[in-house]
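Below: one structure, written as structure tokens.
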Amino acid sequence: MTDLHERTAVELRELLLGESVSPVELTEHFLGRVAERNDALGAFATVTADAARARAAGLQRERELGDALDDAIGDDEEEVLWGLPSADKDLWDRAGVPTGFGSRAFAGAFTRVPEVSSEVVEQLDAVGAVSLGKTAAPEFGFPAYTELLAGPPARNPWDPTRTAGGSSGGAAVAVAAGMLPFAPGSDGGGSIRIPAAACGLVGLKPSRGLLPAGGGVDSPGGLVVNGPIARTTADAALLLEGLITRGPDGEAAHPYTLRQAVGPRWSYLAAALDGQVAGRDGGAPRRTFRVGVSTFSAWEGFYDIDPAPEALAAHDAGVEALAGLGHELEPMVREPDATYAPAFRTLWMAGAAALPIDDPHQLALLEPLTQWLVGVGRKVSARELVEALRALSAFERTSLARIAPYDAVVLPGLGMVPPELGWFDAEDPERNFEQQCRFTPYTSMINVAGLPAITVPVLWTEPTRTAPSGLPMGIQLVGRPGGEHTLLALAAQLESTLRWPDRRPPTW
């Protein structure tokens, strides 16, 4: 029998629902993978093995009693991710488990053990997932890399001397190294797409307002949304299905509070499995799309954005693959916006100002970058914040107009090969921020615009001593608001051609 970690999440779900494997067996298998690999790779900040075993055993007892599954197996809300191992990002609360926020400021005397779980954690529980613990995140999720003073760094499974990206770096490492079949993350400036791209995975940032739990409508500037990280497009779609809150009839539970219309149950998974989008009003499904081609970054003109040859080679490879699949490709030209960079910096810093830390001893435990963000952010005036929000709203409107003629736009995934651990300046916050923008120049603007985006790997660099299998490089596909089905269909087509799930990192 194929090892369970070699199976996709979709396959594991079928095995669970068909009773070929139990939640207890699956949980034990992946806990074993975590025990073997986590110390070397730093994927998990906290492993809750006992709680995971208890949860899996409880799900199994429900099955044996006939309370959880009925003749309509797989259709009820609690069965969407039934028995599948997952984890919580260490920026989210789980009742009874310390939330570390990747920070020394919430350790020791300042340890925080919440009594109530975050909404996204409750949602994952409601659809039957089994949490194995907390995946590592950098301090409060601000950096685009997961190196923290509070614990070990999240190491790239393709080259453990290099970054895994961030802020959902631990989640990406866990998936890339086979410690989880998939993992949820959050994305306020690229924090799902960056680590997914760095680790050779699929990372999907949904449209603002698609998800009730972490849909972006309650975060400053609407930047932060939750979404899936997975090895395959279908697995990412399956986890997305689980993150969408629905009622017993399959309809979205909050259809009037979201900005985006939610597709029918299983429609996202169908797009990822079939590589096509269902036709409107009974029309024929669509398999070919109009795709804009761009290397535009909103940081151009503010920082020296000079994408590395590997980043451009991956972009070219992605464009070539899309052309070979029959899609209509054309250049998308966009002029720089001088207001974007200062406005985004103002909003990012203002968000840091709201961190729930006022004790001077606790503030002193923050890392230099976070101290800088908090210090500058708490000096931002109301007028400056309003002006920044106005500038970013204008950028959003322009972005929507630019993408309107296309079904999707293809951008580079990253600006360079994932750098070595320690590359980001730990002492000079201004230089650190610039380094992050050079590493990830194509992601934050998508958060500002509220658009959906998916990253997929398209090639691997030449092998080196520390990366004997090479390093993954990918592209980012950006869609119209609510365009997740199209992005999943495009990613599925690329996956069928490029077959990235067949590749395994040396740490596998």
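The values are calculated or read from the model by the stated rules, or taken from the named source; none is laboratory data. Values in this document were obtained by computation on a predicted structure and should not be read as measured data. Virtual Cβ from ideal backbone geometry, glycine too; neighbours counted across all protein chains shown.
Here Tyr340 meets each of (1) under 28 Å from Ala237 (Cβ atoms); (2) in contact (Cβ under 8 Å) with a residue 60 or more places away in the chain; (3) not aliphatic (A, V, I, L, M) with one exception, condition (1). One residue is enough: does segment 67-81 have a residue meeting the conditions buried (at least 19 other Cβ atoms within 10 Å of the Cβ), at pLDDT 95 or above and either of a type in the set (Ser, Thr, Tyr) or touching a strand residue (DSSP E or B) at 6+ places or on another chain (Cβ under 8 Å) (or both)? No, segment 67-81 contains no residue that is buried (at least 19 other Cβ atoms within 10 Å of the Cβ), at pLDDT 95 or above and either of a type in the set (Ser, Thr, Tyr) or touching a strand residue (DSSP E or B) at 6+ places or on another chain (Cβ under 8 Å) (or both). Taking residues in segment 277-302 that are closer than 28 Å to Ala391 by Cβ, and partners anywhere that are surrounded by fewer than 13 Cβ atoms within 10 Å (Cβ to Cβ) and of a type outside the set (Gly, Ala, Ser), the pairs with Cβ atoms closer than 7 Å and at least 6 places apart or on different chains are Gly292/Glu330; Val293/Glu330; Val293/Pro331. The single condition from (1) in contact with a strand residue (DSSP E or B) (Cβ under 9 Å, 6 or more places away or on another chain); (2) in a loop (DSSP other than H, G, I, E, B) that Val410 fails is (2). Of the residues Leu322, Leu329, the single one that is over 24 Å from Phe439 (Cβ atoms) and part of a strand (DSSP E or B) is Leu329.
Inside segment 31-68, can you point out the residues that are among the acidic types (Asp, Glu) and assigned to a helix (DSSP H, G or I)? Don't jump to the end; show me each part of the working.
Restricting attention to segment 31-68, the residues satisfying the condition of being among the acidic types (Asp, Glu) are 36, 39, 50, 62, 64, 67.
Passing the criteria: Glu36, Asp39, Asp50, Glu62, Glu64.
Quick check: is even one residue across segment 184-195 more than 13 Å from the chain's Cα centre (by Cα) and of a type in the set (Asp, Glu)? No.
What's the total number of residues in segment 260-300 that are within 24 Å of Phe395 (Cβ to Cβ), of a type outside the set (Val, Ile, Thr) and at pLDDT 95 or above? Number satisfying all stated conditions: 8.
Identify, from the list Pro336, Pro356, Pro307, the residue that is at pLDDT below 95 and closer than 26 Å to Ala408 by Cα.
Exactly one residue qualifies, and that residue is Pro336.
Contact map, segment 208-219: residues that are within 11 Å of Asn447 (Cα to Cα) paired with residues that are assigned to a loop (DSSP other than H, G, I, E, B) and of a type in the set (Val, Ile, Thr), Cβ distance under 7 Å, separation 6+ or inter-chain. Pairs shown: Arg208/Val217; Gly216/Val224. Restricting Arg345, Arg402, Arg334 to residues that are within 30 Å of Glu310 (Cβ to Cβ), part of a loop (DSSP other than H, G, I, E, B) and of a type in the set (D, E, K, R) narrows the list to Arg334.
Just one of the numbered conditions (1) within 30 Å of Phe140 (Cβ to Cβ); (2) surrounded by fewer than 18 Cβ atoms within 10 Å (Cβ to Cβ) is not true of Ser207: (2). Within segment 285-304, the set of residues being among the hydrophobic types (A, V, I, L, M, F, W, C), part of a loop (DSSP other than H, G, I, E, B) and either more than 16 Å from Gly415 (Cβ to Cβ) or more than 23 Å from the chain's Cα centre (by Cα) (or both) comprises Phe289, Phe302. The residues of segment 467-482 that are farther than 14 Å from Gly413 by Cβ and either surrounded by fewer than 24 Cβ atoms within 10 Å (Cβ to Cβ) or of a type in the set (S, T, N, Q) (or both), listed by number, are Ala467, Pro468, Ser469, Gly470, Arg480, Pro481, Gly482. Filtered by the rule that a residue be among the hydrophobic types (A, V, I, L, M, F, W, C) and in a helix (DSSP H, G or I), segment 3-30 gives Leu4, Ala9, Val10, Leu12, Leu15, Leu16, Leu17, Val24, Leu26, Phe30. Among the residues of segment 261-270, at least one is buried (at least 16 other Cβ atoms within 10 Å of the Cβ), on the phi > 0 side of the Ramachandran plot and not in a helix (DSSP H, G or I).
For the condition farther than 20 Å from Gln476 by Cα, of a type in the set (Asp, Glu) and either surrounded by 16 or more Cβ atoms within 10 Å (Cβ to Cβ) or without any contact (Cβ under 8 Å) to a residue 12 or more places away in the chain (or both), Glu335 does not qualify. Among the residues of segment 237-254, is any touching a residue at least 40 places away in the same chain (Cβ under 8 Å), touching a Ser or Thr at 6+ places or on another chain (Cβ under 6 Å) and assigned to a loop (DSSP other than H, G, I, E, B)? Yes. Here is the figure for segment 15-60: residues that are under 24 Å from the mean Cα position of the chain (by Cα) and either more than 27 Å from Asp93 (Cα to Cα) or of a type in the set (Lys, Arg) (or both) total 2.
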